[in-house]
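Structure, as structure tokens:
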Amino acid sequence: MRLGVVVFPGSNCDRDCVHVLRHVLGRDVVELWHGDPAIEGVDAVVLPGGFAYGDYLRAGAVAATSPIMPAVRAFAASGGPVLGICNGFQVLLEAGMLPGAMLRNHVLKFQCKPVHIRVESTRTPFTHGLREGQVLRMPIAHGEGNYFAPDPLLATIQESEQVAFRYCDAHGRVVSEANPNGSLNNIAGVCSPQGNVLGLMPHPERASEEVLGSTDGRMLFESLVAWLESRRAVVVG
């Protein structure tokens with residue numbers, strides 16, 4: 001099993017993702033440079049947080065045109081798991097790999113704090129090991145995390161069970177007070193129709209060790225590893 005982490009100019013969470021996957025989970029990890037036009041020999045791809053290309057134009061807009069992105073699209077189209085975290089989520093939205101868009105936080109300020117999110121779907125490789133309604137605690141750090149989709153698209157997203165996470169309070173109640181950025185319907189993460197591409201604004205890599213105050217984020221990575229191992233067992237069998 002080999003996991004890839006894309007590195008864009010301006011990424012600042014790529015090393016955190018590599019650390020968790022390599023040293024916490026003990027997996028083989030390769031760093032994928034944004035300028036490389038091919039992805040080979042990886043079983044999953046992670047687009048990390050940060051400020052890819054300085055977030056010029058819009059967050060993730062320039063990175064979405066990076067030379068590596070056609071290969072990421074092809075990998076996802078073949079069923080490969082792709083995870084976008086914070087800025088990585090924004091890149092996936094700008095690349096058209098996930099539905100919707102990101103607006104500035106409704107308070108027009110950068111938000112950096114722990115939040116609670118509720119698992120809404122277990123149909124992705126990153127959530128299949130969790131349970132619907134489970135509450136996770138992990139931090140956010142963004143200025144453009146206000147998720148938006150026009151009404152017809154939002155209806156499709158919800159009918160297709162593409163909402164993966166919602167902001168909630170510690171008891172799992174989806175209330176406006178728990179929404180840190182004004183995100184539509186408290187949406188904190190969405191997935192592709194097939195479920196193999198997932199984007200979320202909170203940072204699971206920053207909640208993967210006890211010393212960081214929470215290990216809830218590690219469950220997403222552990223879920224991915226278990227999903228990949230189960231698929232490999234079926235192929236071998």
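Values quoted throughout were computed directly from the atomic coordinates according to the rules given, and no laboratory measurement underlies them. These numbers come from a predicted model, not from an experiment. Here Cβ is always computed from backbone atoms with ideal geometry, including for glycine, and neighbour counts include all displayed protein chains.
For this structure, a couple of remarks:
- Under a 5 Å amide H cut-off, with hydrogens placed 1.01 Å from N, Leu103 pairs with Asn146, Tyr147, Phe148 among residues at least 5 apart or on other chains.
- Each stretch of four or more DSSP H residues adds -39500 (n - 2.57); spread over every residue of the chain, this sum gives -6500 deg cm²/dmol at 222 nm.
- Computed over the chain with a Gaussian network model linking Cα atoms closer than 10 Å, the most mobile of Glu144, Glu205, Glu31 is Glu31.
- Packing around the peptides 75-86, 161-172, taken as the average count of other Cβ atoms within 10 Å per residue, puts them in this order, highest first: 75-86, 161-172.
- As a proxy for reagent exposure, ranking Val225, Val107, Val211 by other Cβ atoms within 10 Å from fewest up yields Val211, Val107, Val225.
- Near Ala188, the amide H atoms lying under 5 Å from its own belong to Phe165, Arg166, Tyr167; only residues 5 or more places off or on other chains count, and H is placed 1.01 Å from N.
- Each 5 Å bin, from zero up to the one with the longest distance, holds this percent of the alpha carbon pairs of the stretch 1-95: 3, 16, 28, 27, 17, 8, 2, 0.
- Summing Cβ point charges (Lys, Arg +1; Asp, Glu -1) relative to the Cα centre of the stretch 2-236 gives a dipole of roughly 160 debye.
- Along the stretch 183-197 the Karplus relation, 6.51 cos²θ - 1.76 cosθ + 1.60 evaluated at θ = phi - 60°, assigns HN-Hα couplings of 3, 4, 6, 6, 6, 10, x, 9, 10, 6, x, 7, x, 7, 10 Hz to successive residues, with x for each Gly and Pro.
- When Cys112, Cys191 are sorted by how many other C-beta atoms sit within 10 angstrom of their C-beta, beginning with the fewest, the order is Cys112, Cys191.
- Theoretical FRET efficiency, 1/(1+(r/R0)^6), r = Cβ-Cβ of Arg173 and Asn12, R0 30 Å, to 0.05: 0.40
- Three-way shape call for the stretch 184-237 based on the alpha-carbon gyration tensor, with the a/c threshold at 1.5: oblate
- Amide hydrogen neighbours beyond the local backbone of Arg27, cut-off 5 Å, H modeled: Arg22
- Each Cα pair under 8 Å and six or more residues apart adds its separation to the average, and for the chain the resulting relative contact order is 19 percent.
- Each residue, Ala38 and His128, gets one label point 7 Å from its Cα in the Cβ direction; the gap between the two is 2.9 nm.
- Of [x] 199; [y] 131; [z] 115, the label for volume of the Cα convex hull per residue in Å³ derived from the coordinates: [z]
- In the chain, taking the dipole from charged Cβ atoms about the Cα centre, the farthest positive-side position among Val115, Val163, Ala141 is held by Val115.
- Cα→Cβ-extended label distance, 7 Å offset, between Thr65 and Arg22, nm: 3.2 nm
- Residue exposure proxy: Asp14, Asp151, Asp28, Asp216, ordered by other Cβ atoms within 10 angstrom of their Cβ from fewest to most, comes out as Asp151, Asp28, Asp216, Asp14.
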